[in-house]
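J.: Let me give you the structure first, and then I'll get to my questions.
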Amino acid sequence: MKFKGKNISLGKNVKLGKNVRIGDNTVIYDNVDIADNTTVCNNCIIGEPTKDYYTNKNYKNPKTKIGVNSLIRSHTIIYASVKTGTNFSTGHRVTIREKSKFGDYCMIGTMSDIQGYVKFGDYCRLHSSVHICQYSEIGNFVFIYPFVVFTNDPHPPSTVWKGPKIGNFTQIAVSSIINSEVKIGSNCLVAANSFIKSDMPDFSVFGGSPAEKISDIRKIKSKQVSGMHYPWMKNFSKGMPWGKIGFEKWQQKKG
Amino acid sequence: MKFKGKNISLGKNVKLGKNVRIGDNTVIYDNVDIADNTTVCNNCIIGEPTKDYYTNKNYKNPKTKIGVNSLIRSHTIIYASVKTGTNFSTGHRVTIREKSKFGDYCMIGTMSDIQGYVKFGDYCRLHSSVHICQYSEIGNFVFIYPFVVFTNDPHPPSTVWKGPKIGNFTQIAVSSIINSEVKIGSNCLVAANSFIKSDMPDFSVFGGSPAEKISDIRKIKSKQVSGMHYPWMKNFSKGMPWGKIGFEKWQQKKG
Amino acid sequence: MKFKGKNISLGKNVKLGKNVRIGDNTVIYDNVDIADNTTVCNNCIIGEPTKDYYTNKNYKNPKTKIGVNSLIRSHTIIYASVKTGTNFSTGHRVTIREKSKFGDYCMIGTMSDIQGYVKFGDYCRLHSSVHICQYSEIGNFVFIYPFVVFTNDPHPPSTVWKGPKIGNFTQIAVSSIINSEVKIGSNCLVAANSFIKSDMPDFSVFGGSPAEKISDIRKIKSKQVSGMHYPWMKNFSKGMPWGKIGFEKWQQKKG
């Protein structure tokens, strides 16, 4: 039904792996490498040149790499020099700027806007409309919800940009702001609508504007099972590598 | 001027009513039914297949229905299985995911993101950049303003999703958050920048984070006429079915 | 590498200056004038007709003007009747509605949404996902950051729309709300996450919801140099007309 091969543009030195499918009206620029079994849907731009392209006649597009088994949904723009891991997926209209690096199994939701020069671990999930500023560092299994914004400028405008740093398993709820230079530990919860201006220790829950510690995450009761909800890995396995064997056994296996 | 019929893709079993116009570069997938006098502008995708399509060889696109007299602006994506009423309209770059159902005369603004499995009544208006989560239920004549987000997960991530429920004639001002499971009555006003964590009775105004009742809506003076502004239906008729005869007479006529 | 000239649509009376480049799949409607050395990237729509087009058989597209040396990035939509100054640039997926007027050297970031009937001075910069309501007036050198929303309706819905007015050199940080009719002076700072409901005098810093004055901007220490950071023009010159000669000398030269 899809993928009639209409109006596709491929640049020079584009490498398409086995079973790669490219949607109609998609443009792939020079030096893009798309690994096996990946699908790029309609109207995407992969390997979008950086600003230099418009002004520098000798501009050469840096290498872009999309990992195996990925699904890039329609209208997504991925800049040249981005590298994704395996099983990467995007929603629609995602923008990922230059020098962004993703681990495996990351999902980036519709209209999320990755400003470039960022690093994501494995199994990160951004819901719709998340804004990640330059120089952010995000661990593994970090989930971020709509209208969250990361900032990197302590007194705009300036040139002393320092992005936030987020630990493993942390959850950042809707419409929160993470200030420049903030370090959030692992297994934290940023409550919805929080403005995080100070560092958060592991297992803490912060809320408010400016946000303060409001709880230990291990004290939040589950509405799903009896007992506590966090660490969430024991109660949530959809798409997670531990699947049915559970987080604890999976960790033991990994050693 | 528009609609040169360039680079349009039509799937199988697409039904186009009388006077339907399709813009350039638009893709319409299988089993889409577009009723009379509807215009779909450039670069849209109608009947976008759900994720199953990419993995299930026997995938069959569910039926999609766009009502009569609708206007779908450019770059809008409407998933397969969506049903809209008559006189539906979207701004640009709207995303409407699967199993969304709309009454008549709904307007969905630019970049609004409907996550699917939601139900809207008649004459709802979403301004730009509204995020509606799965399992939301929205009454008639509900207007929602930019950067409002509906949530459905009480402790993310989990699988106990319950969307908010909104009564008739309610207004939700900019940048507000509506928490999972919250029930908002009819004729309510959510003030700008509110975080609604508890139910709101009919005719109440809530504000703050977490929001509390700050007024009865019938006590808000109009800046437009002498007297009170709400219920707004007596002071606002643009595009409303009561038009010049006024809300009260219209209601009486309806019985 | 880019600009293969594939699938471009040009309306009637489109004037393209010297060295104008148009990306693939871009549509330019009637009566658009694009000045010398401007680049319009892929999948853009320039001169998008207003709603009248769909209902009025005698509709004539008003004139649209894009200034010299501009760069319109992919998927941007600019309505008919918009006028930009020189050296205008947009990120991706920008929407600029009718009767918007821009001075020179304005930059409008990815997914920003200009609702029309607005006026910008010179050297304004909107970062990603800024929402500017109708009837806003914005001075020179105003920078606005992600998820900021301007509002114009004091009690929605109504028809007494009055937009905010922003003075020169003012900075509006992330996720802030600027209420209808508010006047913000020059050299102000709106702190992140603020809800501005009252006027702000020159050189003031407001924060909170509702926002109050929290400082004089000239008392904020720089993290970049010794001394104070604001007025920022002495510490920031990237893309600014004063460049290396500095703001003071530039002002003296201008007289």
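J.: Yes or no: residue A:100 in contact with a Phe, Trp or Tyr (Cβ under 9 Å, 6 or more places away or on another chain), under 22 Å from residue B:156 (Cβ atoms) and modelled with pLDDT of 95 or more? Step through it out loud before you land on a result.
T.: On the way: in contact with a Phe, Trp or Tyr (Cβ under 9 Å, 6 or more places away or on another chain): yes; under 22 Å from residue B:156 (Cβ atoms): no; modelled with pLDDT of 95 or more: yes.
When the stated conditions are applied, residue A:100 does not pass them.
J.: Right, another one. How many of the residues making up the range B:246-255 are out of contact with any Lys or Arg (no Cβ under 9 Å at 6 or more places or on another chain) and part of a helix (DSSP H, G or I)? Outline the logic, then answer.
T.: From the range B:246-255, those out of contact with any Lys or Arg (no Cβ under 9 Å at 6 or more places or on another chain) are B:249-255; that's our starting set.
Then drop every residue that is not part of a helix (DSSP H, G or I), which leaves B:249-254.
Residues flagged as out of contact with any Lys or Arg (no Cβ under 9 Å at 6 or more places or on another chain) and part of a helix (DSSP H, G or I) within the range B:246-255 amount to 6.
J.: Just need a number here: residues in the range A:189-206 that are farther than 18 Å from residue A:221 by Cβ, out of contact with any Pro (no Cβ under 6 Å at 6 or more places or on another chain) and surrounded by 21 or more Cβ atoms within 10 Å (Cβ to Cβ). Please lay out each step first, then the result.
T.: Kept after step one, since they are farther than 18 Å from residue A:221 by Cβ, are these residues of the range A:189-206: A:190, A:193-202, A:206.
If we keep only those that are out of contact with any Pro (no Cβ under 6 Å at 6 or more places or on another chain) as well, we get A:190, A:193-194, A:196, A:198-202, A:206.
Checking the rest, the ones that are also surrounded by 21 or more Cβ atoms within 10 Å (Cβ to Cβ) come to A:190, A:193-194, A:196, A:200, A:206.
Of the residues in the range A:189-206, 6 are farther than 18 Å from residue A:221 by Cβ, out of contact with any Pro (no Cβ under 6 Å at 6 or more places or on another chain) and surrounded by 21 or more Cβ atoms within 10 Å (Cβ to Cβ).
J.: Something else now. Among the residues of the range A:223-250, count how many are surrounded by 15 or more Cβ atoms within 10 Å (Cβ to Cβ) and of a type in the set (Ser, Thr, Tyr).
T.: Number satisfying all stated conditions: 2.
J.: Which of the following residues is more than 13 Å from every other protein chain (Cβ to nearest Cβ), touching a residue at least 12 places away in the same chain (Cβ under 8 Å) and under 24 Å from the mean Cα position of the chain (by Cα): A:195, A:206? Full working, then the answer.
T.: Numbers: A:195 fails: more than 13 Å from every other protein chain (Cβ to nearest Cβ).
The unique qualifying residue is A:206.
J.: Please go through (1) surrounded by fewer than 22 Cβ atoms within 10 Å (Cβ to Cβ); (2) touching a Lys or Arg at 6+ places or on another chain (Cβ under 9 Å); (3) closer than 22 Å to residue B:73 by Cα; (4) not polar (S, T, N, Q) for residue B:183 and return the number of the only condition it doesn't satisfy.
T.: (3)
J.: Considering only the range A:156-171, state which residues are closer than 18 Å to residue A:217 by Cβ and more than 9 Å from every other protein chain (Cβ to nearest Cβ). Steps first, please.
T.: Residues of the range A:156-171 that are closer than 18 Å to residue A:217 by Cβ, as a first pass: A:166-171.
A:166, A:167, A:168, A:169, A:170, listed by residue number.
J.: Looking at the range A:89-107 only, could you name the residues that are crowded, with 24+ Cβ neighbours inside 10 Å and touching an Asp or Glu at 6+ places or on another chain (Cβ under 6 Å)?
T.: Answer for the range A:89-107, where residues must be crowded, with 24+ Cβ neighbours inside 10 Å and touching an Asp or Glu at 6+ places or on another chain (Cβ under 6 Å): just A:95.
J.: Quick one: residue A:160 ticks every box in (1) of a type outside the set (D, E, K, R); (2) surrounded by fewer than 24 Cβ atoms within 10 Å (Cβ to Cβ); (3) modelled with pLDDT of 95 or more bar one, so which box is it?
T.: So residue A:160 meets the others, but not (3).
J.: Here is a further query. Would you check which residues across the range C:32-66 are acidic (Asp, Glu) and crowded, with 24+ Cβ neighbours inside 10 Å and list them?
T.: The first filter runs over the range C:32-66 and keeps only residues acidic (Asp, Glu), leaving C:33, C:36, C:48, C:52.
Within the range C:32-66, C:48 is the sole residue that qualifies.
J.: Quick one: how many residues across the range A:208-245 are aliphatic (A, V, I, L, M) and in a loop (DSSP other than H, G, I, E, B)? If you could, list the steps in order and put the result at the bottom.
T.: To start, the set of residues in the range A:208-245 that are aliphatic (A, V, I, L, M) comprises A:211, A:214, A:217, A:220, A:225, A:228, A:233, A:240, A:245.
The next check asks that each one be in a loop (DSSP other than H, G, I, E, B); those that pass are A:220, A:225, A:240.
Residues in the range A:208-245 being aliphatic (A, V, I, L, M) and in a loop (DSSP other than H, G, I, E, B): 3 in total.
J.: Does the range B:225-245 contain at least one residue that is touching a residue at least 60 places away in the same chain (Cβ under 8 Å) and either more than 13 Å from chain C (Cβ to nearest Cβ) or under 21 Å from residue C:178 (Cβ atoms) (or both)?
T.: Initial filter on the range B:225-245 (touching a residue at least 60 places away in the same chain (Cβ under 8 Å)): B:231-233, B:239-241.
Right, trim to either more than 13 Å from chain C (Cβ to nearest Cβ) or under 21 Å from residue C:178 (Cβ atoms) (or both) and you get B:241.
Yes - at least one qualifying residue is present in the range B:225-245.
J.: Identify, please: which residue in the range B:209-222 is at the interface with chain C (Cβ under 9 Å from one of its Cβ atoms) and surrounded by 15 or more Cβ atoms within 10 Å (Cβ to Cβ) and is, among those, farthest from residue B:233 (Cα to Cα)?
T.: As a first pass, look at the range B:209-222 and keep what is at the interface with chain C (Cβ under 9 Å from one of its Cβ atoms): B:209, B:220-222.
Still in the running and surrounded by 15 or more Cβ atoms within 10 Å (Cβ to Cβ): B:209, B:220, B:222.
Numbers: B:209: 28, B:220: 14, B:222: 12 Å.
Among those that are at the interface with chain C (Cβ under 9 Å from one of its Cβ atoms) and surrounded by 15 or more Cβ atoms within 10 Å (Cβ to Cβ), it is B:209.
J.: In the range B:24-37, which residues are touching a residue at least 40 places away in the same chain (Cβ under 8 Å) and touching a strand residue (DSSP E or B) at 6+ places or on another chain (Cβ under 6 Å)?
T.: B:29, B:32 - these are the residues of the range B:24-37 that are touching a residue at least 40 places away in the same chain (Cβ under 8 Å) and touching a strand residue (DSSP E or B) at 6+ places or on another chain (Cβ under 6 Å).
J.: For the range C:150-167, enumerate the residues that are touching a residue at least 24 places away in the same chain (Cβ under 8 Å) and either within 25 Å of residue A:146 (Cα to Cα) or in a loop (DSSP other than H, G, I, E, B) (or both).
T.: Here is the first cut: in the range C:150-167, the ones touching a residue at least 24 places away in the same chain (Cβ under 8 Å) are C:150-154, C:161-167.
Hits for the range C:150-167 are C:150, C:151, C:152, C:153, C:154, C:161, C:162, C:163, C:164, C:167.
J.: Confirm whether residue B:86 is surrounded by fewer than 24 Cβ atoms within 10 Å (Cβ to Cβ), touching a Leu at 6+ places or on another chain (Cβ under 6 Å) and closer than 22 Å to residue B:122 by Cβ.
T.: no
J.: Going through B:65, B:18, B:60, B:12 one at a time, which residue ends up being at pLDDT 95 or above, in contact with a strand residue (DSSP E or B) (Cβ under 7 Å, 6 or more places away or on another chain) and farther than 24 Å from residue C:95 by Cβ? Steps first, please.
T.: On the way: B:18 fails: in contact with a strand residue (DSSP E or B) (Cβ under 7 Å, 6 or more places away or on another chain); B:60 fails: in contact with a strand residue (DSSP E or B) (Cβ under 7 Å, 6 or more places away or on another chain); B:12 fails: in contact with a strand residue (DSSP E or B) (Cβ under 7 Å, 6 or more places away or on another chain).
Checking each option against the conditions leaves just B:65.
The values are calculated or read from the model by the stated rules, or taken from the named source; none is laboratory data. Here the structure is a predicted model, which is why all the values come from computation and not from measurement. With ideal geometry, Cβ positions are generated from the backbone for all residues, glycine too; neighbour counts draw on all protein chains shown.
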